[in-house]
Each structure stands twice: as C-alpha cells, then as structure tokens.
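Peer 1: The structure's right below; bear with me while I get my questions together.
The values are calculated or read from the model by the stated rules, or taken from the named source; none is laboratory data. Keep in mind it's a predicted model, so treat the numbers as computed, not measured. Glycine gets a Cβ as well: all are built from the backbone with ideal geometry, and neighbour counts include every protein chain shown.
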Amino acid sequence: MISQNNTQQASQRKLRMGMIGGGRGAFIGGVHRIAAAFDQQIELVCGAFSSKPQRSIDSGKDFFLPEERCYGSFEEMLEREATLPAEEKMDFVVIVTPNHMHFPAAKAALEAGFHVLSDKPATFDLAQAKELQSIIEATGLLYGLTHNYTGYPMVKQARQLIQDGKLGKVRKIIAEYPQGWLASKIEDSSEAKQAGWRTDPTKSGAAGCVGDIATHAENLIEYVTGTEIKELAADLTTFVEGRMLDDDANILLRFENGAKGILHSSQISVGQENNLSIRVYGESGGLEWHQKDPNSLLFSPAHGPTEIHRTGSDYTSAAAAHASRLPAGHVEGYLGAFANIYKAFTSHLRCVLDGTEPDAFALDYPRINEGIRGMAFIEACVASSNNNTEWVSLDL
C-alpha cells in the first residue's frame, strides 16, 4: 500500500527526486532534469548517475549535489535513501538508463518503497513489463512512463476533438516518425554513445528503430484516437550493413474499432529530424498534427473549410489550456511537453502523499498499461517481420 513518507505536507514543499542513470555523456538524463525543473516543483537531491561509481560521483558534482548523496550504484542509493529521515529522503526516482536496466531499477525502487517515473520503453521485453505490472499492483506505488509527445497542448486538443465526436467514427490513422541520424554505421565510433547502445540488442532489446521511435508513434496514435491496435503486419529492415537491429519499419495496423492504419518509422531517412506526425480521418472530419510545428493542429470538417487550431488560444480544450504555459505565438516545444508529463505525475504524487483526490489533469500521464502495450507492439512487429510480414495480434 502507498504510505505517507513525509512529516510535512507535499503541497507545501518541492518534491524530492532521485535519478538512476543520466550522468556525463548521457542525452536523455539532461532532458529529464530540465523537464523536472520546468515548473519549479521538483528538486534533484540524489542519484546513481552511472554504472561506473566514480563517473556517478563526478556527475553528481556537476549538479552541485553533496557527495554523500551521489551513489556508486542504484542498489546503494535505494538502500541508503530508505534509511534517511522522512524530511530528507527522495519522494520518487527517475530511471534514465539504457533499456536493459529499466526493469531491474524499477523493480528495486518499488520494492524499496519509492514511486517511479521511467523513460520509455518500460522494460527490456514484454515478460518483464507484465512482471513489473504485478509489482506495481502489489506495492500500490505510482509508476509513470515518459511518452513525452502526449504532453503537447495540440495533441491534447486533437484528442478532445475526437472525444467530442468532431471526426465521427475514426476510419483511418497514419503516423510517421522518420529520422536520418543512423544513415551510416556511426555506432562503431567510441564517441557515438547514444548510437552504440540503441543498436545493441543486449541493451536495446529485440528491436532498434521500432523500439526507439516507432513506439512513440504507436503511443501517440492510441492516446489521440482512444482506440487500440488489435493486430499488425510489419516489415522491418536493417539497411546499414553490419548493424544488429532494424533501422527502418513499415507497418500496417488494424484497430479494435475497425479502423485501419499505417505506421512508418525510420532512422536512415537522410535529412529528417524527428519528424513525428499523425493524421486521423473519420466519417465527418479529419485532423493533422506535426511535431515540427507543434503549436498548430489542422482540423478539416467534411462540409466546411479547414480550421487551424493554435496553442494558447481561448477556444482550446481545458486539457490543452492546462498544458500551455505561454501566450499564443510562443512555441510550446519538446521540453515543455516533456515537463507536462512531470507536471501530471508529480501532481498525482502530491495527492497521494497528502491523502487528497487527484483531478483529471493529474491523472493524464502514461503508466504501466501503456508500457505493456508498447512492449507488446515491439514484439508483434518483430514476430511479424520474422514471418514474412504476417498479421500478428498484440499479446496482452
């Protein structure tokens, strides 16, 4: 069961965050720290920032943490933090390691009594994700997953339009996520740390491009449309000679509500820069959103002109308005969207710590169910591609 671990109400102070991973040379750890600091509601108090103890300590010094709160391993951190007085110990831990360490770190943190916010994917494989769900249910602690693209205001606006029936019954869904940064075998360079582990099946998991970015498109589809993928047919390719995992994917989708879809992701599309987009077509309207122009959402009713919905405007939904921080015309970007996941998770956590009821905004973040669906999606894609692109149901 969730237990109160602080003498002072959480609503009267900053929440204390620990971090596993994200030290010197890491990309996503810095993104998480910025996102956590965005609303000035969270304080980084400790960390095990690297699997190398000295690098972890040195990284903690970069963040001006006391040396005694910079740990040589996450096991040491969890053990020591659990013994600290309630007014000092961390409230939750963030996991920003390569994929293969997500499950052991989350499992250990939950079993030590700490709430968890993890980078995606949830685990290394589907079996671990299902086991993690059992641990979360047994401990009663919070678990969040940073599928950050759902944090954009216009993504929430798109979701609300569909929920309000503005598109009618959804018929077709198209999502794309092309990148070009892995068009050559840069993982052979000792300086390409991010490419190294992402293309290593012992660290990344069964898929490369699919696990790294196609899962973002999958999660975005299901969040926006409110319908779930039932089965898929995937054609995964490794174009770069000598690479161990896929770097391109073309996937046909069938949904629970009868809609059909196409999902394309690629890391060898030269010239593309995280060009995530989604298009949804229903009986009475369509919509379109692009991550590279995040403040704009196109809505096209069947019998009227196309509307451009803009972030910060007074006609947006309550969820979109809650996710916006700036006046109209100022870009609500990647870091702000990422921060919205933190904002929701920590709002929920404050309610848990103080024994109050969370509102709908505090509950609007990805959790283990989304993590399981992501892992099931990955494994279905690999299985389909390995069997000549046959149709495969998600194993849920």
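Peer 1: Within the bounds of segment 89-98, is there any residue that is more than 24 Å from Asp200 (Cα to Cα) and not hydrophobic (A, V, I, L, M, F, W, C)?
Peer 2: yes
Peer 1: A further question follows. Sort out which residues of segment 175-200 are modelled with pLDDT of 95 or more and out of contact with any helix residue (DSSP H, G or I) (no Cβ under 9 Å at 6 or more places or on another chain), and write them in order of number.
Peer 2: Gly180, Ala183, Ser184 - these are the residues of segment 175-200 that are modelled with pLDDT of 95 or more and out of contact with any helix residue (DSSP H, G or I) (no Cβ under 9 Å at 6 or more places or on another chain).
Peer 1: Give me the residue from segment 164-197 that is in a loop (DSSP other than H, G, I, E, B), touching a residue at least 60 places away in the same chain (Cβ under 8 Å) and hydrophobic (A, V, I, L, M, F, W, C) and, out of that set, nearest to Leu220 (Cα to Cα).
Peer 2: Leu167
Peer 1: Inspect all residues belonging to segment 201-208 and state whether any of them is surrounded by fewer than 19 Cβ atoms within 10 Å (Cβ to Cβ) and free of Cβ contacts under 8 Å to residues at least 60 places away in the same chain.
Peer 2: Filtering segment 201-208 down to residues surrounded by fewer than 19 Cβ atoms within 10 Å (Cβ to Cβ) leaves 201-203.
Checking which are free of Cβ contacts under 8 Å to residues at least 60 places away in the same chain leaves us with 201.
For segment 201-208, residues surrounded by fewer than 19 Cβ atoms within 10 Å (Cβ to Cβ) and free of Cβ contacts under 8 Å to residues at least 60 places away in the same chain: present.
Peer 1: For a quick check of your reading of the model, give me the residue pairs whose first member lies in segment 283-308 and is at negative phi and buried (at least 21 other Cβ atoms within 10 Å of the Cβ), whose second is modelled with pLDDT of 95 or more and of a type in the set (Val, Ile, Thr), with beta-carbon atoms closer than 6 Å and at least 6 apart or on different chains.
Peer 2: Once the first residue is at negative phi and buried (at least 21 other Cβ atoms within 10 Å of the Cβ) and sits in segment 283-308, its partners that are modelled with pLDDT of 95 or more and of a type in the set (Val, Ile, Thr) give Leu287/Val280; Trp289/Ile278; Asn295/Thr311.
Peer 1: Sticking with this one: Here is a list: Ser269, Ser347. Which entry is without any contact (Cβ under 8 Å) to a residue 60 or more places away in the chain, among the hydroxyl-bearing types (Ser, Thr, Tyr) and under 30 Å from Gly211 (Cβ atoms)? I'd like the intermediate steps shown before the answer.
Peer 2: Details: Ser269 fails: without any contact (Cβ under 8 Å) to a residue 60 or more places away in the chain.
So the residue among Ser269, Ser347 that is without any contact (Cβ under 8 Å) to a residue 60 or more places away in the chain, among the hydroxyl-bearing types (Ser, Thr, Tyr) and under 30 Å from Gly211 (Cβ atoms) is Ser347.
Peer 1: Can you pull out the residues in segment 28-55 that are in contact (Cβ under 8 Å) with a residue 40 or more places away in the chain and either hydrophobic (A, V, I, L, M, F, W, C) or over 21 Å from Glu68 (Cβ atoms) (or both)?
Peer 2: Ile28, Val31, His32, Ile34, Ala35, Ala36, Phe38, Asp39, Gln41, Ile42, Val45, Cys46
Peer 1: Could you check segment 90-125 and list, in sequence order, the residues that are among the aromatic types (Phe, Trp, Tyr), part of a loop (DSSP other than H, G, I, E, B) and closer than 15 Å to Ala48 by Cβ? Don't jump to the end; show me each part of the working.
Peer 2: Going through segment 90-125, the residues among the aromatic types (Phe, Trp, Tyr) turn out to be 92, 103, 114, 124.
Retained after the next criterion (residues that are part of a loop (DSSP other than H, G, I, E, B)): 114, 124.
The answer is Phe114, and nothing else.
Peer 1: Given the condition in a loop (DSSP other than H, G, I, E, B), touching a His at 6+ places or on another chain (Cβ under 9 Å) and aliphatic (A, V, I, L, M), answer yes or no: does some residue in segment 1-13 qualify?
Peer 2: Pass one, segment 1-13, residues in a loop (DSSP other than H, G, I, E, B): 1-9, 13.
In the following step, the residues that additionally are touching a His at 6+ places or on another chain (Cβ under 9 Å) were identified as 2.
From what's left, aliphatic (A, V, I, L, M): 2.
Yes, because at least one residue in segment 1-13 is in a loop (DSSP other than H, G, I, E, B), touching a His at 6+ places or on another chain (Cβ under 9 Å) and aliphatic (A, V, I, L, M).
Peer 1: Can you pull out every residue in segment 241-269 that is surrounded by fewer than 19 Cβ atoms within 10 Å (Cβ to Cβ), in a loop (DSSP other than H, G, I, E, B) and of a type in the set (A, V, I, L, M)?
Peer 2: Met244 - this is the single residue of segment 241-269 that is surrounded by fewer than 19 Cβ atoms within 10 Å (Cβ to Cβ), in a loop (DSSP other than H, G, I, E, B) and of a type in the set (A, V, I, L, M).
Peer 1: Can I ask one more? Whether any residue in segment 96-107 is farther than 21 Å from Phe345 by Cβ and of a type in the set (Gly, Ala, Ser) is what I want to check.
Peer 2: no
Peer 1: May I pose another question? Filter segment 362-396 for residues that are of a type outside the set (Phe, Trp, Tyr) and more than 25 Å from Ile135 (Cα to Cα) and give the result. Steps first, please.
Peer 2: Looking only at segment 362-396, we keep the residues that are of a type outside the set (Phe, Trp, Tyr), and these are 362-364, 366-376, 378-390, 392-396.
Those that are of a type outside the set (Phe, Trp, Tyr) and more than 25 Å from Ile135 (Cα to Cα): Cys381, Val382, Ala383, Ser384, Ser385, Asn386, Asn387, Asn388, Thr389, Glu390, Val392, Ser393.
Peer 1: Here is a further query. Residue by residue through segment 35-57, note down the ones that are part of a loop (DSSP other than H, G, I, E, B) and of a type outside the set (D, E, K, R).
Peer 2: To start, the set of residues in segment 35-57 that are part of a loop (DSSP other than H, G, I, E, B) comprises 38-41, 49-52.
Hits for segment 35-57 are Phe38, Gln40, Gln41, Phe49, Ser50, Ser51.
Peer 1: Something else now. Given the conditions (1) assigned by TED's automatic domain parsing to the domain that holds Gly205; (2) acidic (Asp, Glu); (3) outside any helix (DSSP H, G or I), which single one is not true for Asp359?
Peer 2: Of the numbered conditions (1) assigned by TED's automatic domain parsing to the domain that holds Gly205; (2) acidic (Asp, Glu); (3) outside any helix (DSSP H, G or I), the odd one out for Asp359 is (1).
Peer 1: Considering every residue within segment 153-169, establish whether at least one is out of contact with any Leu (no Cβ under 6 Å at 6 or more places or on another chain) and under 18 Å from Gly18 (Cβ atoms).
Peer 2: No, segment 153-169 contains no residue that is out of contact with any Leu (no Cβ under 6 Å at 6 or more places or on another chain) and under 18 Å from Gly18 (Cβ atoms).
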